[in-house]
Amino acid sequence: MALIELQEIRKHYRMGDETVKALDGVTLDIEAGSYAAVLGPSGSGKSTLMHLLGFMDFPTSGTMLFDGDDVSRLSPSKRAWYRANRLGFVFQTFNLLPRLSVLENVRLPLDYARQARNANDLAREALDRVGMSHRIEHRPGQLSGGERQRVAIARALVNQPKLILADEPTGNLDTKNVERVMELFDALVDEGQTLIIVTHDLEVAQHARSIILVRDGHLVGTEEGGHSE
Ligand code: ADP
Ligand code: ADP
């Protein structure tokens with residue numbers, strides 16, 4: 001059984017008299033442990049797909065299974081539960097809270113999931129995994145961009161998510177830090193993490209082990225990526 005199964009997913013938006021078909025019949029399996037890059041031109045439906053996978057939104061029609069459970073029509077509170085307990089998110093702009101320390105930022109998902117016990121230990125462990133345990137008392141503003149993204153990745157890892165969704169995670173990084181972040185992702189996948197990344201950068205996409213190609217709301221192809229051992 002795949003971790004996620006999308007069956008004939010449609011997401012249509014009403015815009016006055018017109019219907020925008022952001023996704024128009026997407027069928028896709030995401031296997032546990034897989035590492036996929038989502039590619040496609042602007043407006044093709046990548047963000048819509050990521051919103052559905054991230055429980056931020058639900059499909060107009062079609063079925064989405066997560067671990068075998070039908071999650072196509074969950075209530076907002078159930079969707080929030082999946083976000084807090086099953087998913088990790090990494091963003092282009094890091095989205096760290098500037099007034100909180102690194103440690104406090106990383107433990108936030110545990111606070112949302114009301115998992116207060118061991119939260120500091122788990123946050124320290126996650127920071128250790130990304131090589132940032134020497135910065136726990138710093139504020140995000142005291143860190144470089146690459147360091148901020150590693151902290152954001154620690155935050156995404158801290159609740160041991162089944163799936164990490166990364167939206168243009170290297171878009172604000174210089175070349176050296178792009179490489180570091182991608183090496184970190186490679187290591188996480190080697191340890192069994194499932195990861196989906198949206199990117200415009202073909203070199204970044206090369207790290208993934210499969211490509212999900214979106215155009216005009218359709219998948220025009222899924223293929224094995226250029227990853228070499
Ligand atoms: P991408 O991420 O590939 O740029 P999107 O998923 O953002 O593409 O958008 C796909 C299509 O759906 C576009 O035509 C976009 O304008 C439209 N769209 C996305 N979100 C909305 C919305 N909330 N309301 C109306 N149209 C939307
Ligand atoms: P990197 O090691 O990711 O290439 P830099 O060379 O930009 O990062 O930064 C080196 C060190 O300087 C980092 O450890 C970081 O903590 C610190 N630093 C970077 N930017 C700032 C800043 N705006 N304020 C305080 N410290 C900073």
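Every number here is computed from the coordinates shown, using simple stated rules; none is lab data. Quick caveat: nothing in here was measured; it's all calculated off a predicted structure. Quick reminder, even Gly has a Cβ in these numbers, built from the backbone with ideal geometry, and neighbours come from all protein chains shown.
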Excluding same-chain residues fewer than 8 positions from residue 162, which lysines have a Cα within less than 22 Å of its Cα?
46, 78
Suppose R0 equals 30 Å. What FRET efficiency, 1/(1 + (r/R0)^6) with r the Cβ-Cβ distance, do residue 121 and residue 142 give to the nearest 0.05?
0.80
Straight-line reach from residue 21: which aspartates and glutamates have a Cα under 17 Å away, not including same-chain ones fewer than 8 places off?
8, 57, 216
For the chain, take the convex hull of the Cα atoms, compute a quarter of its surface area, and give me that in nm², please.
13.0 nm²
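Mean residue ellipticity at 222 nm from the helices of the chain, using -39,500 (n - 2.57) per DSSP H segment of n ≥ 4 over the full residue count, to the nearest 500 deg cm²/dmol?
When only DSSP H runs of four or more count, the value is -9500 deg cm²/dmol.
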How large is ³J(HN,Hα) for each residue in the stretch 125-133, as worked out from phi by the Karplus curve 6.51 cos²θ - 1.76 cosθ + 1.60 (θ = phi - 60°), to whole Hz, x for Gly and Pro?
4, 5, 5, 5, 4, 9, x, 10, 6
To test your reading of the geometry: what angle, between 0 and 90 degrees and rounded to tens, separates the Cα axis of helix 76-86 from the longest principal axis of the chain?
50 degrees
Would you mind putting 215-221, 101-107 in packing order, based on average other-beta-carbon counts within 10 Å, highest first?
101-107, 215-221
Which whole-Hz couplings ³J(HN,Hα) result when phi for each residue of the stretch 152-159 is put into the Karplus expression 6.51 cos²θ - 1.76 cosθ + 1.60, θ = phi - 60°, listed in order with x for Gly and Pro?
5, 5, 4, 4, 5, 8, 5, 9
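Give me the extension gain from residue 10 to residue 32: residue separation times 0.36 nm, minus the current Cα-Cα distance, reported in nm with one decimal.
Working: separation 22, 0.36 × 22 = 7.92 nm, distance 2.33 nm.
Computed gain between residue 10 and residue 32 is 5.6 nm.
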Low-density loop positions, GluC sites (Glu not before Pro), the stretch 1-73 - DSSP coil, at most 14 other Cβ in 10 Å:
31
